[in-house]
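Peer 1: Structure in structure tokens, see below.
The values are calculated or read from the model by the stated rules, or taken from the named source; none is laboratory data. Quick caveat: nothing in here was measured; it's all calculated off a predicted structure. Note that we place each Cβ from the backbone using ideal geometry, even for glycine, and neighbour counts take in every protein chain shown. Calculation scope for accessible area: heavy atoms of the full protein, side chains included, ligands and nucleic acids excluded. Shrake-Rupley method; radii C 1.70, N 1.55, O 1.52, S 1.80 Å.
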Amino acid sequence: MNKLQQGRDIAATADVSSPQDCVVLYSVSYQPTDINKRRAFEYIKNHPSAMMIDHTPCGKQLLALGMETGAENPPEELTKIWRIASERFIKSATGNITAFVENADKRSTFVTVELPLILQNNQITRINGEDKFVFAAQFGVCRKDLFKK
């Protein structure tokens with residue numbers, strides 16, 4: 001089995017669970033800097049129970065396999081693999097999500113994948129302590145978007 005297929009299998013099946021109120025997300029896609037990522041990692045340092053997808057067994061296995069930016073894999077394939085894992089991560093999350101997504105681009109994984117899934121997940125109630133629907137409005141995502149095909 002090749003590495004990309006192994007990555008897809010891990011993303012689709014490995015454990016992505018997290019404790020309530022502990023999920024941390026960040027967005028750097030299409031941005032000129034990685035400030036949101038750096039802020040997320042700083043937050044994690046100061047909040048030991050907080051976790052990103054990277055900290056789940058799934059994320060750890062993907063990273064150990066070399067599924068990261070700059071690896072020998074095509075970037076579009078890496079994005080697909082991480083999106084599979086991220087979708088599962090959000091679907092299993094509960095409570096408040098901490099999101100470092102300042103200036104998130106409308107094409108980013110956060111806006112196109114994670115935010116709609118957060119809005120659909122009834123177990124997630126807030127983002128950064130704010131009602132998730134109110135928070136989502138700043139990105140032009142609202143309840144009616146959940147029913148588009």
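Peer 1: Scanning for something at pLDDT 95 or above and outside any helix (DSSP H, G or I), does region 35-47 turn up at least one residue?
Peer 2: Scanning region 35-47, I find at least one residue that is at pLDDT 95 or above and outside any helix (DSSP H, G or I), so the answer is yes.
Peer 1: Further question: Name every residue in region 53-77 that is touching a residue at least 12 places away in the same chain (Cβ under 8 Å), among the hydrophobic types (A, V, I, L, M, F, W, C) and in a helix (DSSP H, G or I), in order of residue number.
Peer 2: Selection gives ILE53, CYS58, LEU62.
Peer 1: Of the residues that sit in region 86-109 and are modelled with pLDDT under 95 and of a type in the set (Gly, Ala, Ser), which one is surrounded by the fewest Cβ atoms within 10 Å (Cβ to Cβ)?
Peer 2: Only one residue fits best here, namely SER108.
Peer 1: Shifting gears a bit: Can you tell me which condition SER17 does not meet? The list is (1) part of a helix (DSSP H, G or I); (2) modelled with pLDDT of 90 or more; (3) within 16 Å of the chain's Cα centre (by Cα); (4) farther than 22 Å from VAL141 by Cβ, and all the others hold.
Peer 2: For SER17, the exception is condition (1).
Peer 1: Can you pull out every residue in region 93-118 that is under 10 Å from PHE139 (Cβ atoms) and among the aliphatic types (A, V, I, L, M)?
Peer 2: VAL101, ALA104, VAL111, LEU115
Peer 1: Restricting to region 22-52, count the residues that are crowded, with 18+ Cβ neighbours inside 10 Å and either out of contact with any strand residue (DSSP E or B) (no Cβ under 8 Å at 6 or more places or on another chain) or not aliphatic (A, V, I, L, M) (or both).
Peer 2: Going through region 22-52 one residue at a time, the tally reaches 5.
Peer 1: Report the residue count in region 125-142 for those that are open to solvent by less than 60 Å² (accessible area, probe 1.4 Å), part of a helix (DSSP H, G or I) and closer than 14 Å to VAL111 by Cβ.
Peer 2: 3
Peer 1: Which of the following residues is part of a loop (DSSP other than H, G, I, E, B) and of a type in the set (A, V, I, L, M, F, W, C): VAL28, VAL24? Let's see the steps before the verdict.
Peer 2: Working: VAL24 fails: part of a loop (DSSP other than H, G, I, E, B).
After ruling out the rest, the residue left standing is VAL28.
Peer 1: Would you please list the contacts, defined by Cβ atoms under 6 Å and residues six or more apart or on different chains, that run from a residue in region 111-128 that is more than 18 Å from VAL28 (Cα to Cα) to a residue that is outside any helix (DSSP H, G or I) and open to solvent by 20 Å² or more (accessible area, probe 1.4 Å)?
Peer 2: Within 6 Å, the pairs are GLN123/THR94; ARG126/ASN96.
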